[in-house]
Amino acid sequence: FSLRAPANFDSLRRHPLLVVFPAAGQTSRQSEAFTRFTEPATARGLIVLYPAHRSLSLPQVDRLADLVQTVATDWCVDTGRIFFTGHSDGGTVTQVLAQREEAAIRPTKIAPSAAGIRQADLEELGCLTQMPVMLMHNADDKLFPGFGLSARDWWLACNACDSEARVDEAGCESYPRCAGGTAVSYCESSGGHRTWPQTRKQILDFLLGPEAS
């Protein structure tokens, strides 16, 4: 794995953590180069963790959660501000760990991209935890067509959201009226499966909240 700390890192102060799960086959450095979160995230005070890819099995997913737990302990992380994102397999891992009871640690907000997980898969996991979620899925994704919309519908039900959407400034569908102060956002951009959405600032704004923008 690769770990990037902000310039203002203070071992006596708790920092937020962004975990960027990789697409299939990516090393941690390849994931960092692909997603390009290091500069904008560390500039806003986040520690950024880039795990290497592991096969999509529940034991391996649990090992990734163990890694996050270790980093959170060793690096004085604010456990109320642990955020997950990732592309393709990484987007799938992000959503599985958000609802997996056996995981050593779960996030407070997630922003998965191009995930290969649908409503039926999420129903098998069950709605263990309501949380804010920003889903991104490109319109021309031929590998997982329609998966983003399917996952959106599941999260709307899990978070008990009002079905009325509004379009935000970035062109995303926003569902702000959800239970427990949660929210769902669905962003669909042009491009295929291998294209990372050009929304890093938007993602960080969603994860950190407007007060940290």
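The values are calculated or read from the model by the stated rules, or taken from the named source; none is laboratory data. Please read all numbers here as calculations on a predicted model, not as lab measurements. Quick reminder, even Gly has a Cβ in these numbers, built from the backbone with ideal geometry, and neighbours come from all protein chains shown. Surface accessibility is based on the protein's heavy atoms, side chains included, excluding ligands, DNA and RNA. Shrake-Rupley method; radii C 1.70, N 1.55, O 1.52, S 1.80 Å.
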Legend entry - Breaking point among (1) open to solvent by 20 Å² or more (accessible area, probe 1.4 Å); (2) touching a residue at least 60 places away in the same chain (Cβ under 8 Å); (3) among the hydrophobic types (A, V, I, L, M, F, W, C), for LEU207: (1)
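When the residues of segment 147-166 are narrowed to those that are of a type outside the set (S, T, N, Q) and without any contact (Cβ under 8 Å) to a residue 24 or more places away in the chain, which ends up surrounded by the fewest Cβ atoms within 10 Å (Cβ to Cβ)?
First pass over segment 147-166, keeping only residues of a type outside the set (S, T, N, Q): 147-149, 151-158, 160-162, 164-166.
Keeping just the survivors that are without any contact (Cβ under 8 Å) to a residue 24 or more places away in the chain gives 161-162, 164-166.
Details: CYS161: 20, ASP162: 11, GLU164: 8, ALA165: 18, ARG166: 10.
Looking at the filtered set, the residue picked out is GLU164.
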Inset, instruction - Taking ARG106 as meeting all but one of (1) charged (D, E, K, R); (2) modelled with pLDDT of 95 or more; (3) in contact with a helix residue (DSSP H, G or I) (Cβ under 9 Å, 6 or more places away or on another chain), write down the number of the exception. - result: (2)
Inset, instruction - Look at ASP162 and say whether it is modelled with pLDDT under 95 and farther than 17 Å from PRO197 by Cβ. - result: yes
Legend entry - Total residues in segment 108-130, condition under 17 Å from LEU58 (Cα atoms) and open to solvent by less than 50 Å² (accessible area, probe 1.4 Å): 5
Legend entry - Residue count for segment 101-116, restricted to those that are under 13 Å from the mean Cα position of the chain (by Cα) and either in a loop (DSSP other than H, G, I, E, B) or among the aliphatic types (A, V, I, L, M) (or both): 7
Legend entry - Test set (1) farther than 24 Å from ALA52 by Cβ; (2) crowded, with 22+ Cβ neighbours inside 10 Å; (3) without any contact (Cβ under 8 Å) to a residue 40 or more places away in the chain - VAL133 fails condition number: (3)
Inset, instruction - Give the residue, chosen from GLU101, GLU39, that is closer than 22 Å to ARG194 by Cα and without any contact (Cβ under 8 Å) to a residue 60 or more places away in the chain. - result: GLU39
Inset, instruction - Considering only residues that are of a type in the set (A, V, I, L, M, F, W, C) and either crowded, with 20+ Cβ neighbours inside 10 Å or touching a helix residue (DSSP H, G or I) at 6+ places or on another chain (Cβ under 7 Å) (or both), look in segment 167-191 and name the one that is nearest to ILE110 (Cα to Cα). - result: VAL184
Legend entry - Selection count where residues are over 19 Å from HIS87 (Cα atoms) and either in contact (Cβ under 8 Å) with a residue 60 or more places away in the chain or not β-branched (Val, Ile, Thr) (or both), scope segment 108-130: 8
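Out of everything in segment 195-204 that is open to solvent by 20 Å² or more (accessible area, probe 1.4 Å) and in contact (Cβ under 8 Å) with a residue 12 or more places away in the chain, what residue ends up being farthest from the chain's Cα centre (by Cα)?
Among residues in segment 195-204 that are open to solvent by 20 Å² or more (accessible area, probe 1.4 Å) and in contact (Cβ under 8 Å) with a residue 12 or more places away in the chain, the one farthest from the chain's Cα centre (by Cα) is THR195.
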